[in-house]
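Quick notes on the structure that follows.
The values are calculated or read from the model by the stated rules, or taken from the named source; none is laboratory data. In this text the structure is predicted, and so the values were computed from the model without any measurement. With ideal geometry, Cβ positions are generated from the backbone for all residues, glycine too; neighbour counts draw on all protein chains shown.
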Amino acid sequence: MGIIQGIHKTTYKSLLPLLRQWIKHNKMLYETWRADDCPWRYNERALLSVLAGAAWRLPNGLAYEEFSNSKRKRGRRKGTYKSYSGRSDIYLVVGGQEYVAEAKHCFSGATAKRANITSRLDAQLKQARKEIRASAAPNQRRLAILFAIPYVRSKQRSEVADLVDCWLTKIKEEVEYSYLAWFFAFEPYTHQVGKWIYPGIAVLIREVSRRSR
């Protein structure tokens, strides 16, 4: 089996062009680096750069990373808030709409079909939601982003496609998101570090209102 890629959405459609381009960028890096390296083995900032690059390739698309932004937190008195200067992970323009987002990344074990993978992913996505709700963002829609990178044991090479399929199915059934996109490459180049195989990456995006949990 070679490459598996796709997008699953709920009722949202506005970010589909961005996610299609994000998949293309991961494929391009995979084919350029081959088995020597892969973009999904790195940290949050590196993963965001692939998403930012995808935005720049869209018509009138924009991206800007790691910038100062006005935020707010609850005051001592009920119903009051205090403003402060903070930082946001990424600003995006897609299809004429502005977005501001907080992102997290998480390595996720996919070594067993019965493994509980969603509790950790839920916790990371919840933290991203908490952080983006603090953003003032008067003219932007807020996004919580989670890059999820599954890994399996090298001795499970023959099972990796089935394990990834099970991993994705659990996310679709148990995690609340607005968009889910993924790119996995099993052949001819499968990235391995020591006893672990890292077959690809998924990104979960959830639109967040200030009052949502």
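For a quick check of your reading of the model, give me the residue pairs whose first member lies in the range 106-119 and is within 25 Å of A144 (Cα to Cα), whose second is among the small types (G, A, S) and surrounded by 16 or more Cβ atoms within 10 Å (Cβ to Cβ), with beta-carbon atoms closer than 8 Å and at least 6 apart or on different chains.
Note: pairs meeting the criteria are C106/A148; S108/A148; A115/G109; I117/S108; I117/G109; I117/A110.
Report, by residue number, each residue of the range 85-127 that is over 17 Å from I171 (Cα atoms) and of a type in the set (G, A, S).
Passing the criteria: S85, G86, S88, G95, G96, A101, A103.
Between a first residue in the range 129-141 that is closer than 19 Å to S178 by Cα and polar (S, T, N, Q) and a second residue that is modelled with pLDDT of 85 or more and surrounded by fewer than 21 Cβ atoms within 10 Å (Cβ to Cβ), which pairs have beta carbons less than 6 Å apart while being 6 or more apart in sequence or on different chains?
Going by the 6 Å Cβ cut-off, the qualifying pairs are Q140/E98.
Hey, I145 hits all of (1) at pLDDT below 95; (2) buried (at least 16 other Cβ atoms within 10 Å of the Cβ); (3) touching an Asp or Glu at 6+ places or on another chain (Cβ under 9 Å) but one; which does it fall short on?
(1)
Of (1) at pLDDT 95 or above; (2) in contact with a strand residue (DSSP E or B) (Cβ under 9 Å, 6 or more places away or on another chain); (3) surrounded by fewer than 16 Cβ atoms within 10 Å (Cβ to Cβ), F67 satisfies all except one. Which?
(1)
For V208, are the conditions met, namely being in contact with a Leu (Cβ under 9 Å, 6 or more places away or on another chain), of a type in the set (V, I, T) and within 30 Å of S14 (Cβ to Cβ)?
Working: in contact with a Leu (Cβ under 9 Å, 6 or more places away or on another chain): yes; of a type in the set (V, I, T): yes; within 30 Å of S14 (Cβ to Cβ): yes.
In short, yes.
Restricting the search to the range 32-60, which residues are in contact (Cβ under 8 Å) with a residue 60 or more places away in the chain, assigned to a helix (DSSP H, G or I) and of a type in the set (D, E)?
Once the filter is applied, which keeps residues that are in contact (Cβ under 8 Å) with a residue 60 or more places away in the chain, assigned to a helix (DSSP H, G or I) and of a type in the set (D, E), the range 32-60 yields only E44.
A quick yes/no check of all residues on (1) farther than 27 Å from K13 by Cα; (2) at pLDDT 95 or above:
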{"residue": "A115", "(1), (2)": "yes, no"}
{"residue": "T118", "(1), (2)": "no, no"}
{"residue": "L121", "(1), (2)": "no, yes"}
{"residue": "Q124", "(1), (2)": "no, yes"}
{"residue": "S154", "(1), (2)": "yes, no"}
{"residue": "R157", "(1), (2)": "yes, no"}
{"residue": "V193", "(1), (2)": "yes, no"}
{"residue": "I197", "(1), (2)": "yes, no"}
{"residue": "V203", "(1), (2)": "no, yes"}
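Would you check if there is a residue in the range 72-94 being over 17 Å from N43 (Cβ atoms), small (G, A, S) and at pLDDT 95 or above?
No: zero hits.
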